[in-house]
Amino acid sequence: MLSYCLERIKEIPGVRAWVEFPYPATGNDEGKFILSVASGTAQYVYWLYRSINTANLQVAISHLRSLGSRRGLKPLLITEYMSAPVMQELIERGIECMDAVGNMYFNNPPIYILIRGNRPSSHKRETSALTTAGVKVIYTLLCEPQILESGYREIASAAGVALGTANNVIHDLYRSGYLLRIRDGNYLIKDYGQLLSFWELGYAEKLRAKLSEGNFSPTGNRTFNELVPELIAGAERGNYLLGGELAAALCTDYLRPDSATLHVGEDYRRTVIDLRLQPDRLGKIKLLRVFGNINPWRDGPFNERLVHPLLIRAELLTEADDRLRETTELLLDKFIGSTAKDAVG
């Protein structure tokens, strides 16, 4: 993908581009990208991601901004293909980008390039790791990295997927460089942060829509704030798990929540009746189905009333709301970072 993008730039008269790889732990997924014209050069930290679409775009933007801040350079998204709406959103949000078919946006004086309208000739077959079931397996590995020592059957059971699917996903992740193979034949996570980014984009792109039972609002004149005590009480009774903004507020004591996500079982309609909710496309109560058997935050401080911080953070990242950005970083530093330190091979 990166080589195709460089070839597209070579076709532009007077413009040169090359890459350096100052971040070896990330393989080729991150690196320094230099663009040069007669009047000067511009430097970026690039991030490769195969598939960008309207579903995972907000997550991608959040990752790019964090990456740029961490590396001290303007971020550059490199992908296989950007649709016209995706590219327009990136431009409006000030994110520079390019794809392998020749669409690109650079705005870093003295360089300004805007090329759009190119379309891909064909699409590659999706790997197992990029399916809905594959994203469930990745979540399982991130929650419990030690499960890689237990074999495919236990991974499949924890993720709620077929045994063959778990096998295929593990092998795809190994071939893609997300896992390392060790002498006893087992695997280790190579770079927890890279796999986390893959999970968060996959959650937004593939999994979330499959889990969604819709948005709801309280009946009558009740406000969201008035409903919060009932939402917490229902979680304490074991009716569902709390996620989204309300869960983030409870565990970080930082955010003033404006919405909540309830992770429900098959009988979710009982929750709708008990809380006196009504369907509302713009409602602030979102219902998502649980999957597998490790959705609860078992070792957290809330006695399994909340979903795992990975799910809380992934849900917040789907929102185009800058007020949530600091909270997602708090979740990463305070609760997810300790797992990452113990997981990487």
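Every number in this text was worked out from the coordinates using simple rules, so none of it is lab data. What you are looking at is a predicted structure, and each value in this text was computed from that prediction instead of being measured. Backbone-built Cβ (ideal geometry, glycine too); neighbour counts: all protein chains shown.
Points to keep in mind about this one:
- Anisotropy class of region 163-310 from Cα gyration tensor, a/c 1.5 cut: prolate
- Label-point separation in nm, Asp280 to Ile182, each point 7 Å along Cα→Cβ: 5.1 nm
- For region 207-319, a crude dipole built from +1 on the beta carbon of Lys and Arg and -1 on the beta carbon of Asp and Glu, taken about the Cα centre, is about 260 debye to the nearest 20.
- Note that region 163-177 has calculated 3J(HN,Hα) couplings of 4, x, 5, 4, 4, 5, 5, 4, 5, 5, 5, 5, 5, 7, x Hz, one per residue in order, obtained from phi through the Karplus relation 6.51 cos²θ - 1.76 cosθ + 1.60 (θ = phi - 60°); glycine and proline are x.
- 3J(HN,Hα) along region 261-278, derived from phi through the Karplus expression 6.51 cos²θ - 1.76 cosθ + 1.60 where θ = phi - 60°, amounts to 10, 10, 8, 10, x, 5, 8, 5, 5, 4, 5, 4, 5, 4, 8, 6, 10, 9 Hz, with x in place of Gly and Pro.
- One chain, two ends: Asn225 and Val37. Fully extended at 0.36 nm per residue, the span grows by 62.2 nm beyond their Cα-Cα distance.
- Each peptide in 170-177, 242-249 gets a packing score, the mean of other Cβ atoms within 10 Å over its residues, and the list from highest to lowest is 242-249, 170-177.
- Neighbour cut-off at most 15 other Cβ (10 Å), DSSP loop, trypsin sites (Lys or Arg not before Pro), region 36-105: Arg93
- Net charge dipole size for region 81-190 [Lys, Arg +1 and Asp, Glu -1 on Cβ; Debye, nearest 20]: 280 debye
- Computed over the chain: relative contact order in percent, which uses C-alpha pairs under 8 Å that are six or more apart: 14 percent
- Under 5 Å, built H, 5+ apart or other chain: amide partners of Arg289: Ser212, Glu213, Val264
- DSSP beta bridges fully contained in the chain are about 65 percent antiparallel.
- Aspartates and glutamates whose Cα lies under 12 Å from that of Lys10, excluding same-chain neighbours fewer than 8 positions away: none
- Beta bridge orientation in region 78-237: antiparallel %, DSSP, nearest 5: 85 percent
- For region 40-56, the Karplus equation 6.51 cos²θ - 1.76 cosθ + 1.60, evaluated at θ = phi - 60°, returns couplings of x, 10, 10, 10, 9, 9, 8, 9, 8, 9, 4, 10, 10, 9, 5, 6, 9 Hz by residue, with Gly and Pro reported as x.
- Proximal aspartates and glutamates to Lys334, defined as alpha-carbon separation beneath 20 angstrom and excluding residues fewer than eight positions away on the same chain: Glu144, Asp191, Glu200, Glu245, Asp253, Asp299, Glu304, Glu315, Asp322, Glu326, Asp342
- Relative contact order for region 4-86, counting Cα pairs under 8 Å that sit 6 or more residues apart, in percent: 24 percent
- Annotation: the antiparallel percentage among DSSP beta bridges lying fully within region 223-345 is about 40.
- In this Cβ point-charge picture (+1 for Lys and Arg, -1 for Asp and Glu), the chain has a dipole of about 600 debye about its Cα centre.
- Under-5 Å amide H pairs with Leu180, H placed in peptide plane, nonlocal only: Leu188, Ile189, Lys190
- Highest-fluctuation residue, Arg298, Arg237, Arg208 considered, GNM on the chain with Cα pairs under 10 Å: Arg237
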